[in-house]
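Only one structure is covered here, and it is reproduced in the block below.
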Amino acid sequence: MIAFRRLVDADMPALVGWMAAEHAQPWFGDEPRTPELAREHYAKELDGTSATRMWIVVLDGVDIGYIQDYPVIAYDDYAVRVQDPKAVAFDYLIGLPELIDRGIGTQMITTFCAEVLCRDYPDAPRFVASPDVRNMRSIRVLEKCGFTQGLWIQPESVTHPEVVCTAPRSAFELV
């Protein structure tokens, strides 16, 4: 069973470790490498003053990764590039390498969109994720969840293009 809980200060060592893991390095290479630096970097997310909300992904009672969400419109550069200001975006990471390629990413994204994004963003018509175009594993899992590839974008904060993957909220609404 997959569940989500809000990120707290005590999660910083795990978050840093997950982002530093070999499988995550190509996508999270510029993230903080100590819990102290992570606390500083994510201070607004921790205290709730950021538009970005960070969550710990829990699988059968074990913390396995993180996911974050934010309204596209909250970040001007991203909103201009994505060209979908009403959408809600999310980013994700399965932190434990032994859980990669086991269908957990598909379950995690589908459950998060259905149980968190649909509930918390009732007016968002679409959900988007924009992985690095080289991250075929991430693109594949998004496609399995019903997302379609669209624009290639180059946000100021990244060194490689990202592909905007979009799915309608209706694909995740609970009946």
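Some points to look at:
- All positions within segment 130-175 that are of a type in the set (Asp, Glu), surrounded by fewer than 18 Cβ atoms within 10 Å (Cβ to Cβ) and assigned to a strand (DSSP E or B): Asp132
- Contact annotation: residue pairs with Cβ atoms under 8 Å, 6 or more positions apart or on different chains, pairing a residue in segment 73-86 that is assigned to a helix (DSSP H, G or I) with a partner that is open to solvent by 50 Å² or more (accessible area, probe 1.4 Å) and of a type in the set (A, V, I, L, M), are Ala79/Ile73; Arg81/Leu151; Val82/Leu151.
- Meets criteria (over 27 Å from Pro168 (Cα atoms) and out of contact with any Pro (no Cβ under 7 Å at 6 or more places or on another chain)) for Gln83: no
- Lone qualifier among Asp69, Asp123 - being out of contact with any Pro (no Cβ under 8 Å at 6 or more places or on another chain) and part of a loop (DSSP other than H, G, I, E, B): Asp123
- Residues that are in a loop (DSSP other than H, G, I, E, B) and under 15 Å from the mean Cα position of the chain (by Cα) were ranked within segment 22-49; the one that is surrounded by the most Cβ atoms within 10 Å (Cβ to Cβ) is Tyr42.
- Of Gly61, Gly95, Gly17, Gly48, all but one fail to be touching a residue at least 40 places away in the same chain (Cβ under 8 Å) and more than 22 Å from Phe147 (Cβ to Cβ); the exception is Gly17.
- Members of segment 70-85 that are of a type in the set (Asp, Glu), at pLDDT 95 or above and more than 14 Å from Thr166 (Cβ to Cβ): none
- Among residues of segment 1-20, those that are farther than 24 Å from Asp47 by Cα and open to solvent by 20 Å² or more (accessible area, probe 1.4 Å), counted: 1
- Tabulated pairs, segment 120-137, first under 11 Å from Asp84 (Cβ atoms) and in contact (Cβ under 8 Å) with a residue 40 or more places away in the chain, second open to solvent by less than 50 Å² (accessible area, probe 1.4 Å) and among the β-branched types (Val, Ile, Thr), C-beta under 6 angstrom, 6+ apart or interchain: Ala124/Val88; Arg126/Thr166; Phe127/Val88; Val128/Val164; Val128/Thr166; Ser130/Val164
- Within segment 63-112, the set of residues being over 13 Å from the mean Cα position of the chain (by Cα), crowded, with 18+ Cβ neighbours inside 10 Å and aromatic (Phe, Trp, Tyr) comprises just one member, Tyr78.
The values are calculated or read from the model by the stated rules, or taken from the named source; none is laboratory data. Keep in mind the model is a prediction, meaning the values are calculated, not measured. Virtual Cβ from ideal backbone geometry, glycine too; neighbours counted across all protein chains shown. Accessible surface areas use protein heavy atoms only, side chains included; no ligands, DNA or RNA. Shrake-Rupley method; radii C 1.70, N 1.55, O 1.52, S 1.80 Å.
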